[in-house]
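The values are calculated or read from the model by the stated rules, or taken from the named source; none is laboratory data. These numbers come from a predicted model, not from an experiment. Neighbour counts are summed over all protein chains in view; Cβ atoms, including those assigned to glycine, are modelled from backbone coordinates with ideal geometry. For accessibility, only protein heavy atoms count, side chains too; no ligands or nucleic acids. Shrake-Rupley method; radii C 1.70, N 1.55, O 1.52, S 1.80 Å.
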Amino acid sequence: MTDSGLPAPDDLAERSWHALSADEAVAELDTDDGGLKDEEAERRREAFGPNKLPERKRETLLQTFLRQFADPLIYILLTAGLVSLALGNIEDAAFIFAVLLFNAGLGTYQEYKAESAAQSLQKVMRITAQVTRNGKRRKIDSTEVVPGDIVSVKSGASVPADIRLLHSQDLRADESLLTGESVPVEKKAGAELEEDTALGDRATLLHAGSNITSGRGKGVVCRTGPMTELGRIAESLSEEEQVPPLVIRVRRFTRVIAVAILLIIIVLGAIQALRGDELTQIFFLAVALAVSAIPAGLPVAITVALSIGSNRMAERNVIVRKLPAVEGLGACTLIASDKTGTLTENKLTANRIRPIEGEDVEVSGAGYVAEGEFTRNEGDIDLEEENWLKELVVSGALCNEAGYEVEDDEVQVSGDTVDVAFLVLARKLGLTRDRLLEDHPEVGGIPFESERRFAASFNRHDDRIVAHVKGAAQTLARMCDVDEEAVREREEQLAKDGYRVLAVAAGEVDRETAEEADPDALGSLHFLGLVGLIDPVREEVPGAVKACQDAGVEARMVTGDHPSTALAIGRQLHMADDADEVITGEEISQAEEGDDGNAADRIRQAKIYARVEPRQKVTIIEALQDAGHFVAVTGDGVNDAPALRGAHIGVAMGESGTDVARNAADLILTDDNFASIVNGIEEGRIAYDNVRKVIWLLISTGVAELVLFTLSVIFNTPLPLTPVQLLWLNLVTNGIQDVALAFEKGEPGVLKRRPRDPDERIFNRLMIEEVLTSGLYMGLVGFAVFWFLTAQMGYETFDARNLLLLLLVLFENVHAFNVRSETRSAFRIPLSANRLLVGAVVVSQGVHIASMFIPGWGGVLDIEPVAFTTWVILLAITLSKFLVVEAYKAFRGRLLAEQIYQRSSRMV
């Protein structure tokens, strides 16, 4: 208990307030209709805290900078730098530390810039609440609301806290951002509910974060801040985030490098020790081997590749909040998407009109855009001959309490979404409610009430008064001279297709009926037809889902909406065809309670998850991850936030999304366009391809250097290169090229490939073959040249190293063109596709040649100018590498084609 005598916050949060009666709730919260006294309200605010969610503290610039060093590869480089420093190799240490600082600075800049862009999307809103305190109504800031406050709400209000209703009148609330239900839900203070009632069906509760669409009500605040359903979702976001796939692969790759370096150093060190070499010489070799084998430029190159991918994504309306997420989206095998607002417009639309006899009329256009065509069987209809259709549209617009205005080319709507849909329908026929009311003034009306299940408007038509009625089909059928069974059958057919169905009727009434607005007096009306309303699929989504499927990425739907509605949308998107592919939140709970292992199987097999509560979304994501999927989750609502955080990659909507969802996500779609996800997948795959190309370039050079030193130890020659020369190769000449290589454009068919196996290592069989083929050739040729120069030509070690270093720089220049594709011939890729790389190769060679002539610098690198003829001879040697790599690509391509042919033959 708190000092105020109320239950503790945890007890308030867990209490099933929806199942208590209004009187029980008031008694539990120790309040009454007159509200709290100011002194008591202040005590409760001190006990429970302000009514707001904990604000996520933004990471400081220093924290972001320091986090860049939390990587296994960085640890290896730091160790190498410290060892070099201990041995007195200041140049080596300086090179390594400079690279580490540059990498950390680049990563910090990119992440801080992305985070700033994400935070700029947040909308700053100040919500007020109308409370009763000291027996008087007043408006206060929503943060001042406390448990026990009496709060009044009406149409257009935002709900400031979780509220147990005491009174309600035609009350409806939009809970789509919390539950995913696209249609406003009816709220009734007197409803009797069970404790296990689903979140979306708790009619006695108003939830924080929802909006009142119609009616009015009064209730007692039962939960505030972190205790609300919204707050509990926000608190769940503190759980550990998933590690993006690229980070996982780089860590694996780093461990392989570390083990390989250690083994090679031990073996070669042992050989030197057996020969009786001095300990200093052995350490010198160990440092040289570590420097040659550690891809010192790799962190920078990966950061640059991901930064480029991030910038490309930003140009295609995707903001990247953390760099590894660039590749993460490209690696996903399954997208679990929220329906409302992501796959659909979250704008109820009249899409189909069904007369009591005859064929349906289809209405094009979605959302609040007042443009659309009326067609039947995909053919135009003559509206002049369809009098019943115009009468239906007019009645729907007159029997209406919504507002629809266009200001500065922007649509402003208010009121119940069903009423708004009818106003949009009228505008598609060229009619406005204001003009209709001028022609047919309203003389009375009957507001909608759940018990009546209809609403009516009485309007003057010349010297007649006509009742325009809309509501439940069966209710209106009883008011009309129509076959009720026929109405029921046609209504059920629409409902099975996922539509919310309303009927429209009209008929002349006498003045007395209109003035008294007697609902029981309505009869002998003309049944005009049925209207099917649905939250329509966003125009670009079907193509985007198809593109995902072509890319081998499954798309599944997760929603709080009704199963039939979800299945109807799923069929439109070709996500699912049968009801067996839909599982509800209730079925998931029942399967979990059974604890027979069936829950996970059902989740894995389903294509659509309907009537799902926020916490169940996390259960779904975890089951899919356990099945081996790399899961990307899309969403815009508060109810999506835990799943966004729990997924490998979370993708939030930037325009319509909530701050909670955006803060939980790794990527943000600035245009709320599901199709941008496909762009993200493409850019993610391109970024990963470029990372692999950079690795091929850098590791091949490292292998070549290891081969050089291994053969040097075996044949007992002087060390072929000094540590400074190795760093020059790895960090400068190769570093210029690998950055340019990261700008490589995507290869043809990047979206037609199947996703990578989630367990696939960066250093897979293909990479091993590529690196060994390239590295061994460069290493063997390089050592042969070095041995020939020293043993056969009598060159001094200084001169031989000078020519060997130039040879390896030329090898790197040639290799940069070899690695532009792992499968395609280098001669099939136009140089114009990456002019930056061409320039980088020229600059790389130019920098090395210029260093030969710079006084002092040549001494640091132990190099000197060479004759032009010597340079040409060395270039000719390195060009032979084209033939080696091209032959390997051709052989591997032929082998792959044969394997595909053999598999297809066995299938036949």
Could you check the spin-label model distance between residue 408 and residue 139? Points 7 Å from the Cα along Cα→Cβ, value in nm. 2.2 nm
Can you give me the distance in nm between label points at residue 32 and residue 849, each placed 7 Å from the Cα along the Cα-to-Cβ direction? 9.7 nm
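Residue 791 to residue 828: extension gain in nm, 0.36 nm per residue of separation minus the Cα-Cα distance? Can you show the working numbers first?
Numbers: separation 37, 0.36 × 37 = 13.32 nm, distance 4.10 nm.
Result: 9.2 nm gained on full extension.
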Mind listing the long-range amide H neighbours of residue 318? Cut-off is under 5 Å, sequence gap 5 or more, other chains count too, H placed in the peptide plane at 1.01 Å from N. 670
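Tell me the mean residue ellipticity at 222 nm calculated for the chain from its helices only (DSSP H runs of n ≥ 4, each -39500 (n - 2.57), averaged over every residue, nearest 500). Working shown, then result.
Working: 33 runs with 440 residues, N = 908.
So the calculated ellipticity at 222 nm is -15500 deg cm²/dmol.
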From phi via Karplus (6.51, -1.76, 1.60), per-residue ³J(HN,Hα) for segment 839-844 in Hz, x at Gly/Pro: x, 5, 5, 4, 5, 4
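Among the GluC sites (Glu not before Pro) within segment 535-604, which fall in a DSSP loop and have no more than 15 other Cβ atoms within 10 Å of their own Cβ? Show your work: numbers first, answer last.
Working: sites: 539, 540, 554, 581, 586, 587, 592, 593; in loops: 539, 540.
Answer in residue order: 539, 540.
Please report the antiparallel percentage of the DSSP beta bridges confined to the chain, to the nearest 5.
Numbers: 77 of 100 bridges.
Antiparallel bridges: around 75 percent, rounded to the nearest 5.
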What FRET efficiency comes out for residue 472 versus residue 357 if R0 is 22 angstrom and r is the Cβ-Cβ distance? Round to the nearest 0.05. 0.60
For segment 333-424, which semi-axes, largest first and in whole Å, follow from the square roots of 5 times the eigenvalues of its Cα gyration tensor? 26, 20, 12
Pairwise FRET efficiency - residue 857 versus residue 78, Cβ, R0 = 30 Å, nearest 0.05: 0.70
Along the three principal axes, how long is segment 416-560 when you take its alpha carbons, biggest first, rounded to the nearest angstrom? 66, 36, 23
Charge dipole of segment 460-559 about the Cα centre (unit charges at C-beta), most positive-ward option of 504, 533, 487: 533
For segment 502-586, take every pair of Cα atoms, bin their distances at 5 Å starting from 0, and report each bin as a whole percent. 3, 11, 16, 13, 11, 7, 6, 8, 9, 7, 5, 2, 1, 0
Measuring from the longest principal axis of the C-alpha atoms of the chain, the long axis of helix 279-293 (C-alpha) lies at a number of degrees, nearest 10, equal to 40 degrees
Compute the separation of the alpha-carbon centres of segment 389-424 and segment 821-884 and state it in Å as a whole number. 69 Å
Dipole axis of segment 808-874 (+1 Lys, Arg; -1 Asp, Glu on Cβ), positive-most option in 850, 817, 832: 832
Whole-angstrom gap from segment 746-776 to segment 525-539, using each part's C-alpha centre: 51 Å
Nearest 10 degrees is fine. How inclined is helix 72-86 to the longest principal axis of the chain, computing both from alpha carbons? 30 degrees
So if each residue of separation counts as 0.36 nm, and I subtract the Cα-Cα distance between residue 780 and residue 24, what length gain in nm does that give? 263.5 nm
For segment 466-600, give the magnitude of the charge dipole about the Cα centre (Cβ charges: +1 Lys/Arg, -1 Asp/Glu; no others), in debye to the nearest 20. 600 debye
For Cα extents along the principal axes in Å, which listed value, (i) 103, 75, 66; (ii) 100, 87, 57; (iii) 121, 71, 56, comes from the coordinates shown? (iii)
Separation between the residue 167 and residue 626 pseudo-spin-labels, each 7 Å from Cα along Cα→Cβ, expressed in nm? 5.0 nm
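Pick out, in residue order, every one of the chymotrypsin sites (Phe, Trp or Tyr not before Pro) in segment 378-486 that is DSSP loop and has at most 13 other C-beta atoms within 10 Å; say none if there are none. If you can, show how the numbers build up before the last one.
Working: sites: 388, 404, 422, 448, 454, 458; in loops: none.
When the chymotrypsin sites (Phe, Trp or Tyr not before Pro) of segment 378-486 are filtered for loop state and at most 13 Cβ neighbours within 10 Å, nothing remains.
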accessible surface per residue for segment 706-765, probe 1.4 Å, DNA/RNA/ligands not counted, whole Å² -> 40 Å²
Quick one: accessible surface of residue 313, probe radius 1.4 Å, all protein chains present, in square angstrom to the nearest 10. 0 Å²
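About the Cα centre, and with charges only on the beta carbon of Lys, Arg (+1) and Asp, Glu (-1), how big is the dipole of the chain? Nearest 20 debye, please. It would help to have the intermediate numbers written out before the result.
Details: 91 positive and 138 negative charges, 1053 e Å.
Using Cβ point charges on Lys, Arg, Asp and Glu, the chain gives about 5060 debye.
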Karplus couplings for segment 518-525 from phi (6.51 cos²θ - 1.76 cosθ + 1.60, θ = phi - 60°), rounded to Hz, Gly and Pro as x? 8, x, 6, 8, 6, x, 6, 7
Picking from 880, 650, 263, whose Cα lies most toward the positive end of the charge dipole for the chain (charges on Cβ: Lys, Arg +1; Asp, Glu -1)? 880
For helix 541-550, what angle does its Cα long axis make with the longest principal axis of the chain, in degrees from 0 to 90 and rounded to 10? 40 degrees
HN-Hα couplings for segment 560-577 via Karplus (6.51, -1.76, 1.60; θ = phi - 60°), in whole Hz with x for Gly/Pro, come out as x, 6, 5, x, 5, 5, 4, 5, 4, 5, x, 5, 4, 9, 6, 7, 8, 10
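What FRET efficiency comes out for residue 98 versus residue 580 if R0 is 35 angstrom and r is the Cβ-Cβ distance? Round to the nearest 0.05. Write out the running numbers ahead of the final one.
On the way: r = 61 Å, r/R0 = 1.74.
Plugging the Cβ-Cβ distance into 1/(1 + (r/R0)^6) gives 0.05.
Over the chain, what percent of the accessible surface lies on carbon and sulfur atoms, probe 1.4 Å? Don't skip to the answer; put the middle values down first.
Details: 20360 of 38950 Å².
In the chain, the share of accessible area belonging to carbon and sulfur is 52 percent.
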What Kirkwood radius, in Å to one decimal, follows from the Cα pairs of segment 420-478? 12.6 Å
Amide H contacts of residue 381 (H built 1.01 Å from N, under 5 Å, at least 5 apart or other chain): 376
